[in-house]
1. Among the DSSP beta bridges whose two residues both lie in the chain, what percent are antiparallel, rounded to the nearest 5?
2. Taking θ as phi - 60°, what are the ³J(HN,Hα) couplings along segment 106-118 by the Karplus curve (6.51, -1.76, 1.60), each to the nearest whole Hz, with x for Gly and Pro?
3. What residue among Cys228, Cys217, Cys203 shows peak mean-square fluctuation when the chain is described by a Gaussian network model with Cα springs under 10 Å?
4. Got the relative contact order for the chain handy, in percent, Cα pairs under 8 Å and 6 or more residues apart?
5. Under 19 Å Cα-Cα from Lys315, which lysines qualify once same-chain neighbours fewer than 8 residues away are excluded?
6. Most fluctuating residue of Gly179, Gly82, Gly93 in a GNM of the chain with Cα springs under 10 Å: which is it?
7. Any chance you could check the Cα centroid distance between segment 177-194 and segment 10-88 for me, in angstrom?
8. Could you list Val61, Val102 in order of exposure, starting from the residue whose Cβ has the fewest other Cβ atoms within 10 Å?
Amino acid sequence: MASIKIGILGNNHVGAHVANAILYQGLATDIYMSDRDAVLCRAQVNDLLDAMSFYPVTARVHEVDDRYEELAQCDIIVNAAGHVKEAAVSRDGELFVTTDEVKTFAKRIVDAGFKGIWVSISNPNDVIALAIQRLTDYDPLKVIGSGTTLDSSRFQHALATKTGFDPQCISSLMLGEHGFAEFALWSHVSFGGLTPEEVEAQCGYTFDRDDLEQQACHGGYITMAGKCCTEYSISNGATKIIKAIVHDTKVITPVSTLIHNVYGVDNIYQSLPCMIGQNGVEKVFVPTMTESEIAKWQASAAHIQGNIDQVGWIKALQ
Ligand SMILES: NC(=O)c1ccc[n+]([C@@H]2O[C@H](COP(=O)([O-])OP(=O)(O)OC[C@H]3O[C@@H](n4cnc5c(N)ncnc54)[C@H](O)[C@@H]3O)[C@@H](O)[C@H]2O)c1
């Protein structure tokens, strides 16, 4: 295996679980753990190294603490730096914290020579991805927000619970903001190739479309209510994106990307289905939306723009 170096910024719930998921899938030769809390960083590195004999492929795990320049050698950097307690009610609660944090590391890493791909998880996800891209003037196709990859899996979960079908045969997208302004792309839901209307007619029930959309949208807050974080679902969602980059799989999944004139939305990050490969986002797809989906797409963008407008320096860079 060629050397694959992955940096992880922010090593608490999400960052540590991403590291574990990467190692379980044998996706890296080297993991660089970076957290401004050096005691936590050391603990996570030690725990991962203690687990090394159980992973399929042995990797090196390095403690970087806040020496961010050391991350410049990585092929991929995952941003999970945050303060999740501020997101207890809404992801917007972290807006001023995570945008400040990005300023501490993004430019330092790029100025030190980073040429790889950013996969940013921190919330509010779309604003942070834009902030990284604008602060560093980086190729936007190489700054990926994890976006609604996770939310689309939550939508699958809701639909699988309703139907009893294997979630893996359900194709269902949440698009727009990674947050309460996201929406379900009901026009493209498929159950093993069947439309929702065909399933309704042949199974004898009706989908409560609004309720299922809300279950996908608010599902994370069931988890948050019980353990003040989410970690398994997001770490596996982010690792799907990382795997697509490492193995150049060309998977199509919704991620937050820079939008250029799509149904009246321009120059912000939000989620559309994208093809991901070794170069990052290799193609952005625009689904044919219904009128009501277009209205939700635009409302989602307006919500993200409202957040951007509150952070003067991002607004100025936009
Ligand atoms: N996109 C998604 O779907 C999704 C899902 C879950 C969580 N999240 C987000 O991921 C982020 C991390 O979640 P968590 O539960 O691990 O949060 P957390 O608050 O438990 O941990 C964040 C870690 O980041 C570190 N950190 C903060 N600023 C830093 C900096 N400048 N440099 C280095 N380290 C820094 C902190 O020391 C802490 O260890 C949060 O923003 C959270 O909202 C996103």
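A short reminder: the numbers here are calculations on the coordinates, not readings from a lab. In this text, all values refer to a predicted model and were calculated from it rather than measured experimentally. With ideal geometry, Cβ positions are generated from the backbone for all residues, glycine too; neighbour counts draw on all protein chains shown.
1. 50 percent
2. Those phi angles translate into 4, 6, 4, 5, 5, 4, 7, x, 4, 10, x, 10, 8 Hz.
3. Cys203
4. Computed over the chain, the figure is 17 percent.
5. Result set, ordered by chain and number: Lys103, Lys107.
6. Maximum fluctuation in the GNM of the chain, among the listed residues, is at Gly93.
7. 32 Å
8. Val61, Val102
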